[in-house]
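Novice: Mind having a look at this structure? Questions to follow.
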Amino acid sequence: MSAPSKKNLIMGSAAAGALLMLAGCGMGGGYGSSTTNSGSNNSNSGSNQGGATISITAPKNNASVTEPFKLTVKSSEALGPTTSGKDHFHLTFDGNAQDYTVETQPTVMISKLAPGKHTIKVTLQHADHSPVGPQAQITVTVTKAGAVTSSSSSASSSGGGYDY
């Protein structure tokens, strides 16, 4: 048997590298478990296998709030504008995942929600809007009327009837 040529060695190395890269794509970036806030079905913090976390620190789950109110998020990842390459979070209300705002700061003023119970969800996203994995949600009861908005949005989705 003859020794492999340089061309065959280079092609074999490239193929092995591609296989290793593909194998690594399934590691550590998926959706992970979240910590459940005791006494409710809502999760106010979440993490993924890669260690990234996000949580809603205010208001507390099941709180009664008067508008406007501050929503405060804590992330293990640096937040910033999508043009900076930093992560951000998508903010959604009442299970409407297609109608979100892009938030780049940990504190957001919320106003113009209709009175009653609302679910607020945050999902940690990469600069390209692909999911990092962790997400968190809380339920609040609003005591003042309006339509959904957030005041610190640097960008938003198509809107879908909400006053973004």
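A short reminder: the numbers here are calculations on the coordinates, not readings from a lab. Since the structure is predicted, the reported quantities are computational estimates derived from the model, not experimental observations. Neighbour counts run over all protein chains shown; Cβ positions are idealised from the backbone, glycine included.
Novice: Label points 7 Å out from Cα along the Cβ direction at residue 141 and residue 84: separation in nm?
Specialist: Rounded to a tenth, the inter-label distance reads 3.8 nm.
Novice: State the percent of C-alpha pairs, over all pairs in segment 53-122, separated by a distance greater than 13 angstrom.
Specialist: 67 percent
Novice: Quick one: length gained pulling residue 67 to residue 94 fully straight, 0.36 nm per residue minus the C-alpha distance? Present the calculation step by step, with values, prior to reporting the outcome.
Specialist: Numbers: separation 27, 0.36 × 27 = 9.72 nm, distance 1.68 nm.
That works out to 8.0 nm of additional length.
Novice: Would you please give the residues with an amide H less than 5 Å from that of residue 57, counting only those at least 5 places away or on a separate chain, with H modeled from the backbone geometry?
Specialist: Residues meeting the amide H criterion: 72, 73, 74.
Novice: Which residues does the label zone of residue 129 cover in segment 60-82, counting backbone N under 15 Å from a point 7 Å along Cα→Cβ?
Specialist: Residues 82 fall inside that zone.
Novice: Apply the Karplus curve 6.51 cos²θ - 1.76 cosθ + 1.60, θ = phi - 60°, to the phi angles in segment 127-137 and return the couplings in whole Hz, x for Gly and Pro.
Specialist: 4, 8, 6, 6, x, 6, x, x, 8, 8, 8
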